[in-house]
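Below is one structure, written out as structure tokens; comments come after it.
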Amino acid sequence: MDSLTHFNEEGRAKMVEVGDKLNTKREAVAKGSVYMMPETLKRIIDYDIKKGDVLAVSQVAGIMAAKKTSDLIPMCHNIILTGADINFHIDEENNKIDIEAVVRTTGKTGVEIEALTAVSVTGLTIYDMCKAIDKKMKLTDVRLVRKTGGKSGDFIIED
């Protein structure tokens, strides 16, 4: 098991030095789901939410969040992203919207936290836009499902 590297000699938090690492192409994919009442999902599908197009707005929010991750997570490096995308799968049978974030960079450190942040903020934006009609929505199962590149190699979880 790898040791944790976010601590200095005094046991206090630090940002890990990545200056000597090679730039490599890196990608991370994260997923999550927002469960809601059937009526809420129908209104999202029918563009019948007063605040606007829920999926379009939440997609932009997720991409913006990926770009701002280092402002939110204290030890996260500032990363120049080469790409970020949010995909949705509407599951009417289970009254949920599945969210997938794909984030890419060429750099010295990975984009796993950026992908996880993108999924989280996308789900929170869906909640925010629909909370007036459904306060019981649940953002669940936010997780990393794939990462490629870097010294630690590839990581894939089969869903």
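Observations
- Sparse-neighbourhood loop sites, chymotrypsin sites (Phe, Trp or Tyr not before Pro) in the range 1-100 - DSSP loop, at most 11 other Cβ within 10 angstrom: Y47
- Put a plus charge on the Cβ of each Lys and Arg, a minus charge on the Cβ of each Asp and Glu, and nothing anywhere else: the dipole of the range 43-159 about its Cα centre is then about 540 debye.
- Where only C-alpha atoms are counted, convex hull volume of the range 24-156 per residue in Å³: 98
- The GluC sites (Glu not before Pro) found in the range 80-159 that occupy coil by DSSP, while having at most 12 further C-beta atoms within 10 Å, are E92, E93, E158.
- Legend: calculated FRET efficiency, N87 to K131, from the Cβ-Cβ distance at R0 = 22 Å, rounded to 0.05, equals 0.45.
- Over 29 Å (Cα to Cα) - which of K25/K68; K25/K136; K68/K147 fall in this group: K25/K136
- For a modelled paramagnetic label at D141, 7 Å from Cα along Cα-to-Cβ, the residues of the range 45-62 in reach, with backbone nitrogen under 20 Å, are 45, 55, 59.
- Loop sites in the range 100-137: trypsin sites (Lys or Arg not before Pro), DSSP, at most 15 other Cβ within 10 Å: K131, K135, K136
Each value in this text was obtained by applying a stated rule to the coordinates, not by laboratory testing. A quick note: this is a predicted structure, and the numbers were derived from the prediction, not measured. Cβ atoms come from the backbone with ideal geometry, glycine included; neighbour counts cover every protein chain shown.
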